[in-house]
1. Only one residue in 17, 47, 82 is surrounded by 10 or more Cβ atoms within 10 Å (Cβ to Cβ), modelled with pLDDT of 90 or more and of a type in the set (A, V, I, L, M, F, W, C). Which one?
2. Of 98, 91, which residue is surrounded by 10 or more Cβ atoms within 10 Å (Cβ to Cβ), without any contact (Cβ under 8 Å) to a residue 40 or more places away in the chain and assigned to a strand (DSSP E or B)?
3. Name the single residue, out of those in region 38-66 being touching a strand residue (DSSP E or B) at 6+ places or on another chain (Cβ under 9 Å) and assigned to a strand (DSSP E or B), that is nearest to residue 105 (Cα to Cα).
4. With respect to residue 64, determine if the residue is within 20 Å of residue 32 (Cα to Cα) and either loosely packed, with under 14 Cβ neighbours inside 10 Å or among the polar types (S, T, N, Q) (or both).
5. Being modelled with pLDDT under 90 and not in a strand (DSSP E or B) is the filter here, so list the residues in region 67-79 that pass it.
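The values are calculated or read from the model by the stated rules, or taken from the named source; none is laboratory data. Keep in mind the model is a prediction, meaning the values are calculated, not measured. Positions of Cβ are backbone-derived with ideal geometry, glycine not excepted, and every protein chain shown enters the neighbour counts.
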Amino acid sequence: MLLEALVAIVVMGVLGLGLVFTQARGLVAQKSQRAQHLAVTQMRALLQTPGTVCANPPAQLTLSPGVTVPLSVSCSTRQVSLSATGVGAATATVPVITLSTQSTALFGPGTLTISTVSP
């Protein structure tokens, strides 16, 4: 009887630790997702002002007071061919702005990159 109670307590302890571990993993994922959302929102705002971001590129993003991450800004142009039936073809130059940042502590592994055109 005493042995059965001991086994039951051990099984309950293992289940409790499993729940705590799962909850902790979920909270870490939520923190990373929130930080990524803040960074993407600010990077989109920068892309909406192309003249400003290329002329005076910021060195970092401020996610919240006291929390900053480094920002890499790349500005260039790309020739694009346009054609429409009945109108003809034309060539245009479009600006290409690429913003990227990384912070393993906040975003997890990898680099967060946003660009005005697809690569």
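1. On the way: 47 fails: modelled with pLDDT of 90 or more; 82 fails: modelled with pLDDT of 90 or more.
Of the residues listed, the single one that is surrounded by 10 or more Cβ atoms within 10 Å (Cβ to Cβ), modelled with pLDDT of 90 or more and of a type in the set (A, V, I, L, M, F, W, C) is 17.
2. Values: 91 fails: surrounded by 10 or more Cβ atoms within 10 Å (Cβ to Cβ).
After ruling out the rest, the residue left standing is 98.
3. Looking at residues that are touching a strand residue (DSSP E or B) at 6+ places or on another chain (Cβ under 9 Å) and assigned to a strand (DSSP E or B), I get 63.
4. On the way: within 20 Å of residue 32 (Cα to Cα): yes; either loosely packed, with under 14 Cβ neighbours inside 10 Å or among the polar types (S, T, N, Q) (or both): yes.
In short, yes.
5. None - no residue of region 67-79 is modelled with pLDDT under 90 and not in a strand (DSSP E or B), so the list stays empty.
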